[in-house]
Each structure stands twice: as C-alpha cells, then as structure tokens.
Amino acid sequence: MAENTFPGFRGSELFRPVPEVEDEWTAIYRYDTAADLDRWLGSMARVSYIHLTLPMINRVAISVVAVTLK
C-alpha cells in the first residue's frame with residue numbers, strides 16, 4: 001500500500017472484527033511523528049485508495065490516537 005512510501009512510516013496492521021462484539025475492521029498506522037501521520041491522512045494517495053475501496057466498504061471513520069514512546 002502507499003502508506004509505506006510516506007516519510008516516517010513505521011508499520012501498519014489490519015484487525016478483523018471480533019465476532020458478536022463488533023462489525024468494523026480496524027487499521028493501525030504507525031508513523032514517527034503526528035505530522036508524518038497527518039501527511040498520510042491528508043494525502044491524495046490515501047484519497048485515491050479510499051475511492052478504490054468504496055464499493056467494498058460501508059463507511060470510513062477516523063480515530064487518531066497519538067502515543068509517543070521514548
């Protein structure tokens with residue numbers, strides 16, 4: 001995916017819904033800084049990717065949780 005070409009990319013994970021608990025998939029993106037994450041979230045590459053997947057998804061929701069580990 002395109003997110004790994006953006007500065008500061010550290011990794012990503014995709015979690016399936018927990019049966020009988022939730023029905024939403026969760027994608028985790030890790031970047032060095034909040035600015036690096038914002039660059040990905042606001043990019044045309046991400047918008048293009050979302051448009052390609054729209055026929056397969058019901059909605060896109062974004063929750064940003066910033067954690068710094070040093």
Task: Whole-Hz ³J(HN,Hα) from phi, Karplus 6.51 cos²θ - 1.76 cosθ + 1.60, for segment 12-28, glycine and proline x - done: 8, 9, 10, 10, 6, x, 7, x, 6, 10, 8, 10, 10, 7, 10, 10, 10
TODO: Hey, can you grab everything whose amide H is under 5 Å from the amide H of F9? Only 5+ residues off in sequence or another chain; H modelled, so Pro and N-termini drop out.
DONE: D32
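Pick out, in residue order, every one of the GluC sites (Glu not before Pro) in segment 2-41 that is DSSP loop and has at most 14 other C-beta atoms within 10 Å; say none if there are none.
For GluC sites (Glu not before Pro) across segment 2-41 that sit outside H, G, I, E and B with at most 14 neighbouring Cβ atoms in 10 Å, the list reads E20, E22, E24.
What number comes out for the charge environment of F15, summing +1 per Lys or Arg and -1 per Asp or Glu over other residues with Cβ under 12 Å away?
-2
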Task: Net length gained if the chain between T53 and R10 were fully extended (0.36 nm per residue, minus Cα distance) - done: 13.2 nm
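Each value in this text was obtained by applying a stated rule to the coordinates, not by laboratory testing. Since the model is a prediction, treat every value here as computed from it, not as a measurement. For neighbour counting, all protein chains shown are included, and Cβ atoms are generated from backbone atoms with ideal geometry for every residue, glycine included.
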